[in-house]
1. Sticking with the crude label model, points 7 Å out along Cα→Cβ, report the distance from residue 164 to residue 11 in nm, one decimal please.
2. Looking only at the chain, where both bridge partners belong to it, what percent of the DSSP beta bridges are antiparallel (to the nearest 5)?
3. Taking the convex hull of the Cα atoms, report for the chain its projected area averaged over all directions, in nm².
4. Set Lys and Arg Cβ to +1 and Asp and Glu Cβ to -1, take the dipole of the range 88-185 about its Cα centre, and tell me which of 169, 90, 110 lies farthest positive.
5. Just subtract the alpha-carbon distance of residue 180 and residue 118 from 0.36 nm times their residue separation and send over the number in nm, one decimal.
6. Starting from 0.36 nm per residue, how many nanometres of slack lie between residue 39 and residue 23 once their C-alpha separation is accounted for?
7. By how many nm would the segment from residue 154 to residue 68 lengthen if fully extended, with 0.36 nm per residue of separation less the alpha-carbon distance?
8. Enumerate the whole-percent occupancy of each 5 Å bin, from 0 to the last occupied one, for all C-alpha pair distances of the range 102-185.
Amino acid sequence: MASALQVNSFTAWSGFASGRYSLAEIEDAFGQLCARASQEGLRCDLEFIPVLGVHSLKMAWDILRHVNAENSGIVFDFWHYMRSGPDEALLRSIPGEKITAVQLCDATAYVPEGMSLAYDGLNNRLAPGDGAFPIVSLVKTLREMGALNNVGVEVFSPRFDRLDAQTIGNLTREVFDRFLASDWS
């Protein structure tokens, strides 16, 4: 499939509940996936998602360190990071080249009362700068780490679902101009 699509990387994420598998089982499965990807010349990036089995940056980093596959990295999604318990010291301890993709978004400081974390993640994301996440600080940290190599905007919300492609493209360009073109020195 990767050959037909002419891709050089893909994202792996845990489509299972937290606690369903032991860390050793997850590491073994991810290690096997990385080995198979390596045979095809592909990079395999691990995305942590707070409502699923690999639920935090710490867990993703532990898995990557244990598997120690040259062709692996971490997908760093702002919503996932902020909702799973941000840890700047941990983030800064990860080599920048191991953050292989960054997904920008924003949201309220906390999940609204009565709303599930999963619903919040799929329906309440905002464009960067429209919420309470420390976008400038996170981008600055990632820039200092050398981790802004593959950056995109990922906003799940009914509001964005109603926008046409041109409007979304314009909003994305505005986000890039506002947050990535500056050095905030």
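1. A separation of 2.7 nm, rounded to one decimal place.
2. 5 percent
3. Across all orientations, the chain yields a mean hull projection of 11.5 nm².
4. Selected residue: 90.
5. That works out to 19.5 nm of additional length.
6. Answer, rounded to one decimal: 3.3 nm.
7. Stretched out fully, the residue 154 to residue 68 stretch lengthens by 28.2 nm.
8. In whole percents, the pair-distance histogram is 3, 14, 24, 24, 17, 12, 5, 1, 0.
The values are calculated or read from the model by the stated rules, or taken from the named source; none is laboratory data. Please read these numbers as outputs of a predicted model, since none were measured by experiment. Please note: Cβ atoms are built from the backbone with ideal geometry, for glycine as well, and neighbour counts cover all protein chains shown. When the accessible area is computed, the model is the full protein with side chains, heavy atoms only, and any ligands, DNA or RNA have been set aside. Shrake-Rupley method; radii C 1.70, N 1.55, O 1.52, S 1.80 Å.
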